[in-house]
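Chemist: Let me begin by handing over the structure; questions about it come next.
The values are calculated or read from the model by the stated rules, or taken from the named source; none is laboratory data. This structure is a prediction, so every number in the text was calculated from the model and none was measured. Ideal geometry is used to build each Cβ from the backbone, glycine not excepted, and the neighbour counts take in all protein chains shown.
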Amino acid sequence: MEHPLYIYNSLSRKREQFVPMHPPHAGLYVCGPTVYGDAHLGHARAAITFDLLYRYLSHIGYKVRYVRNITDVGHLVNDADAGEDKIAQKARLEQLEPMEVVQHFANRYHRNMEQLNVLSPSIEPHASGHIIEQIRLIRKIMDAGYAYESNGSVYFDLDKYARCHPYGTLSGRVKDDLYAQSRELEGQDEKHFPLDFALWKKALPEHIMRWPSPWSDGFPGWHLECTAMSIKYLGETFDIHGGGMDLQFPHHECEIAQSVAALGHPSVRYWMHNNMITVNGKKMGKSLNNSITLSEFFEGAHPLLERAYSPMAIRFFILQAHYRSTIDFSNEALQASEKGMQRLMEGMRTLDKLPTSKNSSIGIGDIGQKCYAAMNDDLNSPMAIAHLFDGLRIIHLVNDGRETLSAADLQQLKEVYRHFVRDILGMNDDSSSDRQTDLLNGLVNYLLEMRQQAKADKNFAVSDSIRNTMGRLGIEVKDKKDGFEWNIK
């Protein structure tokens, strides 16, 4: 390729030149969301990171098959082969069918991704739609001698695997240390060793998500799903597997073990992981009440938010940090990033209006080459953005009449900014839509405040009329103890 890309391979812990198996084709698999709740800032970081990779690989000439899965079964509450399925738990609490929960939150996730200008993947498989492939994979692992059945469940025999193959190569964890740190878990008596993980779980009588298998009516293990789907759509060996750093262990470590056990070799050539987001220096989490959903960001509806932030402000905030570095959210940091984004987008608007001259009195330099060099160096988006900011000086000098650009030089400068700002970084100028968003938010909140007052006055006819009308317009309203919240369906 004209622009060779170097990426940090999480497996080798080295910066390596990306060489796809079958150029000019490239296979990319990314672990998508478990759709039992609204997407938050951590989901946005993973999505934007691999959207950047997808866009850049496509831009430099690769035909990319991008697979991003939807986890809709098998992800248990405590991630330790015990407890209730996260989606089944949500369905029980909301008195819904599990697939209603899946569809509802998948729709909202897709809407958030569209707002963030994240491109749709080539294929978006659901785990529940690939039960047959997962059963076949379990049989392969059992035939190879690395899994065993116990009371209708099937577990991966990690101790036997570790005697023949290295385990912990991705996360850097040592098996013996993990055993020493392990504790008694629910269902432990079914396992030969504490860290054996479920490939198939026998469903308890009350478990509502279940499928028939040779071992029991049950459901697949969380780790198995990605291995089965990635092999189905990208082959037994493919180029890049991505996801958040929190998935390195145990999820991705288990994926490596499964593929080696079933195929005799690892299926992934390059592993890439984006780092985490903290909030005011603390890990983001529901238990700390600092997990902010994307919808709350866009509406300003969270106690930690001083105001609403546009989707492009969120996207730019994430792109201004290297994907392998930690990002700490604060209102001050996001507002500073927002100002930078506005400067860049204003520069783009000015660039489109610049006059041309017969000759250039100022050179446009090698901005484009510097941006490519930054992106080729492990997707260094903050450095590419810095070079684009450097180029704003030329745009302002020409706009002020102090310098001139020929038509050819101006066209070249426009192409650099169009390619990097629009095509690669995926930034849209949403300044025109901000006002519309503010108006919509204001009008909806005003109507809902009227509804609250009507309820307080026991004027339920008016209250119900407002809610029903908003429902017909596609606005979903939820009453809460301390007020209300709303979302566009």
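Chemist: Against the condition modelled with pLDDT under 95 and in contact with a Lys or Arg (Cβ under 7 Å, 6 or more places away or on another chain), how does residue 249 come out, does it pass?
Modeler: yes
Chemist: What's the total number of residues in region 106-126 that are touching a residue at least 12 places away in the same chain (Cβ under 8 Å), out of contact with any strand residue (DSSP E or B) (no Cβ under 6 Å at 6 or more places or on another chain) and not aliphatic (A, V, I, L, M)?
Modeler: 8
Chemist: Further question on the same structure: β-branched (Val, Ile, Thr), over 24 Å from the mean Cα position of the chain (by Cα) and not in a helix (DSSP H, G or I): is that true of residue 364 in this structure?
Modeler: Details: β-branched (Val, Ile, Thr): yes; over 24 Å from the mean Cα position of the chain (by Cα): yes; not in a helix (DSSP H, G or I): yes.
Yes; evaluated as a whole, the condition is true for this residue.
Chemist: Among the candidates 261, 203, 228, 257, which residue alone is without any contact (Cβ under 8 Å) to a residue 24 or more places away in the chain and small (Gly, Ala, Ser)?
Modeler: 203
Chemist: I would also like to ask the following. Could we say that residue 379 is closer than 22 Å to residue 112 by Cα and assigned to a loop (DSSP other than H, G, I, E, B) here? Even if it seems obvious, please write down each step before you answer.
Modeler: On the way: closer than 22 Å to residue 112 by Cα: no; assigned to a loop (DSSP other than H, G, I, E, B): yes.
Criteria not met by residue 379.
Chemist: Residue pairs, Cβ under 6 Å, 6 or more apart or interchain, first in region 444-465 and of a type outside the set (Gly, Ala, Ser), second in a helix (DSSP H, G or I). List them.
Modeler: 447/466; 451/463; 451/466; 455/463; 462/454
Chemist: Condition (residue is part of a helix (DSSP H, G or I) and in contact (Cβ under 8 Å) with a residue 60 or more places away in the chain) applied to region 328-342: is it met by at least one residue? Please lay out each step first, then the result.
Modeler: Of region 328-342, the ones part of a helix (DSSP H, G or I) are 331-342.
Those still in the list that are in contact (Cβ under 8 Å) with a residue 60 or more places away in the chain too: 341-342.
The answer is yes; a qualifying residue exists.
Chemist: Tell me which residues, restricted to region 332-354, are loosely packed, with under 14 Cβ neighbours inside 10 Å and closer than 17 Å to residue 307 by Cα.
Modeler: From region 332-354, those loosely packed, with under 14 Cβ neighbours inside 10 Å are 332, 336, 339, 343, 349, 352-353; that's our starting set.
Passing the criteria: 332, 336, 339.
Chemist: Take residue 327 and decide whether it is surrounded by 15 or more Cβ atoms within 10 Å (Cβ to Cβ) and touching a Gly at 6+ places or on another chain (Cβ under 7 Å).
Modeler: Values: surrounded by 15 or more Cβ atoms within 10 Å (Cβ to Cβ): yes; touching a Gly at 6+ places or on another chain (Cβ under 7 Å): no.
So residue 327 does not fit the description; no.
Chemist: Looking at region 61-83, which of its residues are more than 15 Å from residue 124 (Cβ to Cβ) and crowded, with 17+ Cβ neighbours inside 10 Å? Walk me through how you get there before you give the answer.
Modeler: First, pick out the residues of region 61-83 that are more than 15 Å from residue 124 (Cβ to Cβ): 61-63, 73-83.
Answer for region 61-83, where residues must be more than 15 Å from residue 124 (Cβ to Cβ) and crowded, with 17+ Cβ neighbours inside 10 Å: 62, 73, 74, 75, 76, 80, 81.
Chemist: Being part of a helix (DSSP H, G or I), modelled with pLDDT of 95 or more, farther than 26 Å from residue 269 by Cα and in contact with a Phe, Trp or Tyr (Cβ under 9 Å, 6 or more places away or on another chain) is the requirement here; does residue 213 meet it?
Modeler: Details: part of a helix (DSSP H, G or I): no; modelled with pLDDT of 95 or more: yes; farther than 26 Å from residue 269 by Cα: yes; in contact with a Phe, Trp or Tyr (Cβ under 9 Å, 6 or more places away or on another chain): yes.
No, not satisfied.
Chemist: In region 395-412, what residues are in contact with a helix residue (DSSP H, G or I) (Cβ under 7 Å, 6 or more places away or on another chain), in a helix (DSSP H, G or I) and among the hydrophobic types (A, V, I, L, M, F, W, C)?
Modeler: Residue satisfying the conditions is 395 alone.
Chemist: Now a separate question. Any residue at all in region 137-148 that is within 15 Å of residue 192 (Cα to Cα) and touching a Gly at 6+ places or on another chain (Cβ under 8 Å)?
Modeler: no
Chemist: Would you point out the residue of region 1-46, among those that are β-branched (Val, Ile, Thr) and closer than 22 Å to residue 315 by Cα, that is farthest from the chain's Cα centre (by Cα)? Can you show your working first?
Modeler: Of region 1-46, the ones β-branched (Val, Ile, Thr) are 7, 19, 30, 34-35.
Subsequent filtering for residues that are closer than 22 Å to residue 315 by Cα retains 7, 30, 34-35.
Working: 7: 19, 30: 8, 34: 11, 35: 12 Å.
Per the stated criteria, the residue is 7.
Chemist: Restricting to region 305-327, name every residue that is more than 23 Å from residue 394 (Cβ to Cβ), touching a residue at least 40 places away in the same chain (Cβ under 8 Å) and either touching a Phe, Trp or Tyr at 6+ places or on another chain (Cβ under 8 Å) or assigned to a helix (DSSP H, G or I) (or both). Before you say what the answer is, go through the steps one by one.
Modeler: First, the residues of region 305-327 that are more than 23 Å from residue 394 (Cβ to Cβ): 305-315, 317-318, 321-327.
Still in the running and touching a residue at least 40 places away in the same chain (Cβ under 8 Å): 308, 310-312, 314-315, 318, 321-327.
Correct list: 308, 310, 311, 312, 314, 315, 318, 324, 327.
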